[in-house]
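Data block below; observations after.
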Amino acid sequence: MTHEPAQRQSREWTLSDCGEWIAVPGAGDDKYSRGVLGVVTGSDEYPGAAVLGVEAATRTGVGMVRYVGDDVPSRLVLERRPETVTAVGRVQAWLIGSGMDAAHRDPANAARLRAALADGVPCVVDAGALDLIAEEHAPVVITPHYRELARVLAGDAARASGGGAGAPSAEKIAADARGWARRAADATGATVLLKGHVTHVCAPGGEVIDVCTGPDAGWLATAGSGDALGGILGALLATHADRIAAEGHDALAALAATAAALHGAAGARASAARAGGPIAALDVAEHVATVVGDVLSAA
Ligand SMILES: NC(=O)C1=CN([C@@H]2O[C@H](COP(=O)(O)OP(=O)(O)OC[C@H]3O[C@@H](n4cnc5c(N)ncnc54)[C@H](OP(=O)(O)O)[C@@H]3O)[C@@H](O)[C@H]2O)[C@@H](O)CC1
Ligand SMILES: Nc1ncnc2c1ncn2[C@@H]1O[C@H](COP(=O)(O)OP(=O)(O)O)[C@@H](O)[C@H]1O
């Protein structure tokens, strides 16, 4: 993990790069051809994360969201988004782990997470499912913040050496976030979206993509903001199954960078609607649809 690969490129990703990665439904589409996102997020402890992810996915644009979870988050998701389907069925991508605590995982949620990872379709893995990424059967994007990435790399180092020595602290990751996003992608085999004021995306062996937010983007540092980002990315994966099948992690990295750019712009839009004032995570999720509209009109 400390070995430095040869110098690799990095690039910036802005809203003008996103148009190609938004699937606009045509006359021949139906809800299934657009793509279905399966969601295993939230818990009785953190039910709000489920609501935020489903809201953001719905506002990003997807044929259907299938939510599979505990009773309390299921009820809250349906209260907020009655179009969500809670019956089990086929999906084109999964979003798992937001609002879950790996240390207190109950058997029902453990089974749901493992079933999603074994399903063979692309998966966004967040928060309380990050410890399970070694079990994936299809391309995965992980969406850690610095502390979560430190835990992922500690687990990886422990598997490699039987100890965990040499894994970086969250502070060390913060000091070189771009470099650690790249190392983490190479070490885990997942596409990494490392969250922060600047979000760094990297596919295994690929270039690092930087997604910068504006100077006032600090309002995004609010509870549940990352849960909303997971929903945006999940919807993008579900609506691009063909491109992911053809282009693998390169497509996942482009979709992850698109999600981060849409998320940053939705935060800016939400704040602008409040005269530049503070925002809540649900405001971000709600404004994604407007930002998608902005991107499509500019394309
Ligand atoms: N609405 C929802 O449902 C939401 C659900 N959410 C879900 O919550 C889950 C956990 O996510 P997370 O990012 O909080 O987890 P994690 O990296 O373990 O951070 C813990 C670290 O924070 C620190 N800490 C705590 N309090 C602190 C304080 N006052 N001031 C300073 N530090 C403080 C604490 O330090 P300590 O108190 O131990 O010293 C520890 O180091 C995850 O599943 C996520 O999806 C969230 O998205 C929010 C909205
Ligand atoms: N200072 C900041 N400026 C801009 N964006 C930020 C800042 N801090 C955090 N963010 C963004 O806010 C989100 C926070 O996600 P996360 O840490 O997972 O929070 P939560 O678990 O509460 O949802 C991420 O998308 C991250 O990139």
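If you go through the range 232-252 one residue at a time, do you hit one that is part of a helix (DSSP H, G or I) and in contact with an Asp or Glu (Cβ under 8 Å, 6 or more places away or on another chain)? The answer is no, given that none of the residues of the range 232-252 is part of a helix (DSSP H, G or I) and in contact with an Asp or Glu (Cβ under 8 Å, 6 or more places away or on another chain).
Name the single residue, out of those in the range 209-236 being hydroxyl-bearing (S, T, Y) and within 12 Å of ligand 1 (Cβ to nearest atom), that is farthest from the chain's Cα centre (by Cα). In this case the residue turns out to be T222.
Filtering the range 77-103 to residues that are within 16 Å of ligand 2 (Cβ to nearest atom) and touching a Ser or Thr at 6+ places or on another chain (Cβ under 9 Å) leaves L95, I96, G97, S98, G99, M100, D101. Here T239 meets the list (1) surrounded by fewer than 24 Cβ atoms within 10 Å (Cβ to Cβ); (2) of a type in the set (S, T, Y); (3) away from ligand 2 (no atom under 15 Å from the Cβ) almost entirely, failing just condition (1). Go through (1) within 14 Å of ligand 2 (Cβ to nearest atom); (2) out of contact with any helix residue (DSSP H, G or I) (no Cβ under 9 Å at 6 or more places or on another chain); (3) of a type in the set (A, V, I, L, M) and name the single condition A275 misses. Failed condition: (1).
For A103, state whether it is free of Cβ contacts under 8 Å to residues at least 24 places away in the same chain and near ligand 1 (Cβ under 10 Å from one of its atoms).
yes
For the range 197-205, indicate whether the set of residues that are more than 16 Å from ligand 1 (Cβ to nearest atom), of a type outside the set (A, V, I, L, M, F, W, C), assigned to a helix (DSSP H, G or I) and surrounded by fewer than 24 Cβ atoms within 10 Å (Cβ to Cβ) is non-empty. Talk me through it step by step, then tell me what you get.
Narrowing the range 197-205 to residues more than 16 Å from ligand 1 (Cβ to nearest atom): 198, 200-205.
Subsequent filtering for residues that are of a type outside the set (A, V, I, L, M, F, W, C) retains 200, 204-205.
After this cut, where a residue has to be assigned to a helix (DSSP H, G or I) as well, the list is none.
No; the residues of the range 197-205 include none that is more than 16 Å from ligand 1 (Cβ to nearest atom), of a type outside the set (A, V, I, L, M, F, W, C), assigned to a helix (DSSP H, G or I) and surrounded by fewer than 24 Cβ atoms within 10 Å (Cβ to Cβ).
The single condition from (1) buried (at least 22 other Cβ atoms within 10 Å of the Cβ); (2) assigned to a helix (DSSP H, G or I); (3) in contact with a Pro (Cβ under 6 Å, 6 or more places away or on another chain); (4) not β-branched (V, I, T) that A49 fails is (3).
No value in this document is a laboratory result; all are computed from the given coordinates. These numbers come from a predicted model, not from an experiment. Note that we place each Cβ from the backbone using ideal geometry, even for glycine, and neighbour counts take in every protein chain shown.
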